[in-house]
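A short write-up of the structure that comes next.
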């Protein structure tokens, strides 16, 4: 049975369990002398039966779906002839893939006899797994549902139990955030540790040459495989720096003007308009940077006698800065608005002009919050991917010249991981090591920034 | 201020102030000017971005067609029995189209020139003719005057031609331009609304490429994201607002949610590759997997906005419900959630809009594959609209530039509709206490 059909069946069973449970509680109530003899409302008894019917079978179903493909693959490999099993893991994986594809498409022309056999085994295994799953899930649903149903008695505390289950489900959902973080840390960390067991961590962090193309065969030319990440860090910082040069003054000054000078009418129009910039997908900015801004900068540079690369850091940084303007401006806006009016009134009352008040009273008072906002913006710029993938270069140049092409951490992660890859070459694993660096840096920046912002906000409350 | 200025002709304070006043006012004006300039900078960038994309992309919504007199004789097509679907499917449609082109321009001789001539119409014209033949087998043996899609280079040339001024010749040469001019003079070129762009999946031929596959892929991915992230997000928000005791574990959950909201999206892609694909062995390129990755990414947004919405429900409503004997679950399900629903929906729509524009994590889990078929479900390999934009922006053909821009316009259109819906919902349904 298809998983979706099975799922539909389970839902029908659960609905049936609800009505059966509710019916039984009503019948028992009648025998005991009216609904008021029940501990809980009849629908709670229905709900409890539904939970008994649904939860165990859904848990079994999801566990099965998660692990069946891995187990089937192992069994398939076990069934292959010994000489095939002795192949290198990469080649073996390829063979298994071919067999799975042939089983999927049914195109077995040109298959070796052992492959035909393997296809048969695979189909059989899949069939068995499917039948077993269908049987097991439905059986568990029916048995557990029946057990829950048979427990129904007027004095069963159905409401308390259902509420307990409800609370537990809510708790489980909120723990997903922790699971996600743990998942990120583990996935990035494990692959990085494997990477660092092949490439020493000092070579990675302090090396100045990056060329991840590794020779796959011993005799292959051209793959030296250098994994020094310094050029990537420098490139990332250069582009982020350019972005901040654009975004911080523009964002901060817009926020100041909007919160201190503009009347509510102007504010009501300009603020949402600027925030449109934040809602535009980054891939659109990437397209804009690569096809419009980069050629424009190159042509301007050429007309001034400079040689500008068409993948210059300047183009990517500039466009990224435009993207971050509303981010900086709305965060600064919040903190500027949090500065108490009494401070401004005091300063204005002493005779200072509005701009003097802003520069010497409001901004110093709001400074921690603004710094926090800028740190968040920096972490945003460092982690930004699509703009640099489309507008920055792939070549790792160690340079601080914004007119030259540079590459960034995120660009390299994407280029190393897009497409088919196996999980045991340093080339692929390097992406996870870069991801680890990125995660640590952005997490650190966010942590500091949130801390600063939070501390500041409490100051005037 | 110092003592020796006081001793000699001591200027009064008001003089000092007046002396500097003009300077200070100038500084005030400058400061204001900086503010206006930076706002204008932002707005100009916005306008420039939109005009640039619309200017590049609006031409993609029309496509030029070329009219040809096609003689559909059974011999050239190789159809001996019109009722045999196999023969109709395999017939030599391109052959009759090429012949009609040769007849239209009899002066063309030589292999290379002929090849240039054939390049006037789209490579896919044969399929279009087959579709017409299958729809109406009666046309076999007759001579029909039919419209065929112009090739992308020709299409680009005609579009720039009709705009006058600077003509973009691209890869067309003078000979082809002559033929095109003669076709235009004979009224055998027509530009129509580009329906193919909205009906087809991806293609290597720009004129045959469409965004239907990407839109359906985005739709399925968003469906998975919505079905997973909204219930989970709301449940988590309810727990944190209504149940969670103030302890270390709750603090940990909160810190985690706030940090996840600021983790770069590409990290979620790494998670997807390592866990969903590497560990669980899920296939690549599926909207199902994409939706799951985007769920993890949008959850913090949805949880944060749902919590704000739940917080906005006044405690008096909770107390009233509890006071007349409702249980905590009844109080939440019957009173708090319905009142908080508009705010939570707004948050969900904004989170989804964010997910709809997301590209990087989907690149990692293999949604960049070249997929021609329009996906029919969450387990069909698919690509999504932003990834399609990324793929097309890499293509060298000039005609893909306008199609990329057009796809961006469609994507922005969806985003504007979603955000407008969120604003409308907030205005319409939000209650203030």
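Summary table below
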| quantity | calculated |
| --- | --- |
| Between 0 and 90°, nearest 10: helix B:93-104 axis offset from chain B longest Cα axis | 70 degrees |
| C-alpha long axis of helix A:42-79 to longest principal axis of chain A, angle in ° | 80 degrees |
| Helix-only [θ]222 nm of chain A, DSSP H runs n ≥ 4, -39500 (n - 2.57) each, per residue, nearest 500 | -25500 deg cm²/dmol |
| Mean Cβ count within 10 Å, highest first, over the residues of peptides B:294-307, A:301-314 | B:294-307, A:301-314 |
| Residue B:25-residue A:338 FRET efficiency (beta carbon distance; Förster radius 22 Å; 0.05 resolution) | 0.15 |
| Area projected by the alpha carbon convex hull of the protein assembly as shown, averaged over all directions, nm² | 53.4 nm² |
| Residue among B:118, B:65, B:25 with the largest mean-square fluctuation in a Gaussian network model of chain B, springs linking Cα atoms under 10 Å | B:25 |
| Highest to lowest packing among B:325-335, A:270-280, A:387-397, scored as the average C-beta count within 10 Å | A:387-397, A:270-280, B:325-335 |
| For chain B, Kirkwood radius (reciprocal of mean inverse C-alpha pair distance, Å) | 27.2 Å |
| Overall form of chain A per C-alpha gyration tensor (a/c, 1.5; a/b vs b/c) | oblate |
| For region B:71-216: rounded, prolate or oblate by the Cα gyration tensor [a/c cutoff 1.5] | oblate |
| For A:236, A:3, order by how many other beta-carbon atoms lie within 10 Å, fewest first | A:3, A:236 |
| Cα-projected label distance for residue B:227 with residue B:131, points at 7 Å along beta-carbon direction, nm | 3.0 nm |
| Within 10 Å of each Cβ in A:272-282, the average number of Cβ atoms from other chains | 6 |
| Percent RCO, i.e. relative contact order, over chain B, from Cα pairs under 8 Å lying at least 6 residues apart | 19 percent |
| In degrees, nearest ten, helix B:248-261 long axis to first principal axis of chain B (Cα) | 40 degrees |
| Value of relative contact order over chain A, rounded to a whole percent, pairs C-alpha under 8 Å and six or more apart | 16 percent |
| Residue order, fewest to most beta carbons within 10 Å, for B:336, B:417 | B:417, B:336 |
| Residue with peak Gaussian network fluctuation, chain B [Cα springs, cutoff 10 Å], from B:100, B:218, B:38 | B:38 |
| Largest to smallest principal axis extent of the C-alpha atoms in region A:3-154, angstrom | 75, 25, 17 |
| Exposure proxy order (Cβ contacts within 10 Å, fewest to most) of B:246, A:454 | B:246, A:454 |
| Shielding by other protein chains, B:385-394, mean Cβ within 10 Å | 4 |
| Three-way shape call for region B:131-231 based on the alpha-carbon gyration tensor, with the a/c threshold at 1.5 | oblate |
| Peptide-level mean, for B:30-37, of C-beta atoms on other protein chains within 10 Å | 6 |
| Simple spin-label estimate for residue A:117 and residue B:212 in nanometres, 7 Å along Cα-Cβ | 4.6 nm |
| Using a Förster distance of 25 Å, the FRET efficiency for residue A:302-residue A:209 (Cβ separation, nearest 0.05) | 0.25 |
| Gain in span if fully extended, residue B:174 to residue B:103, counting 0.36 nm per residue against the direct Cα distance | 23.6 nm |
| For peptides A:245-252, A:429-436, sequence by mean Cβ density within 10 Å, most packed first | A:429-436, A:245-252 |
| CD proxy at 222 nm, helix term only [per DSSP H run n ≥ 4: -39500 (n - 2.57); per residue of chain B; nearest 500] | -20000 deg cm²/dmol |
| Candidates B:284, B:26, B:111: whichever shows maximal mean-square fluctuation once chain B is modelled as a Gaussian network with Cα springs under 10 Å | B:26 |
| Relative frequency of Cα-Cα separations exceeding 32 Å in region A:224-459, percent | 30 percent |
| Residue-span extension gain [residue A:77 to residue A:448] - 0.36 nm each, minus C-alpha spacing | 128.6 nm |
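Coordinate-derived values only; no laboratory data. Worth saying up front: this structure is predicted, and the values here are computed from it rather than measured. Neighbour counts are summed over all protein chains in view; Cβ atoms, including those assigned to glycine, are modelled from backbone coordinates with ideal geometry.
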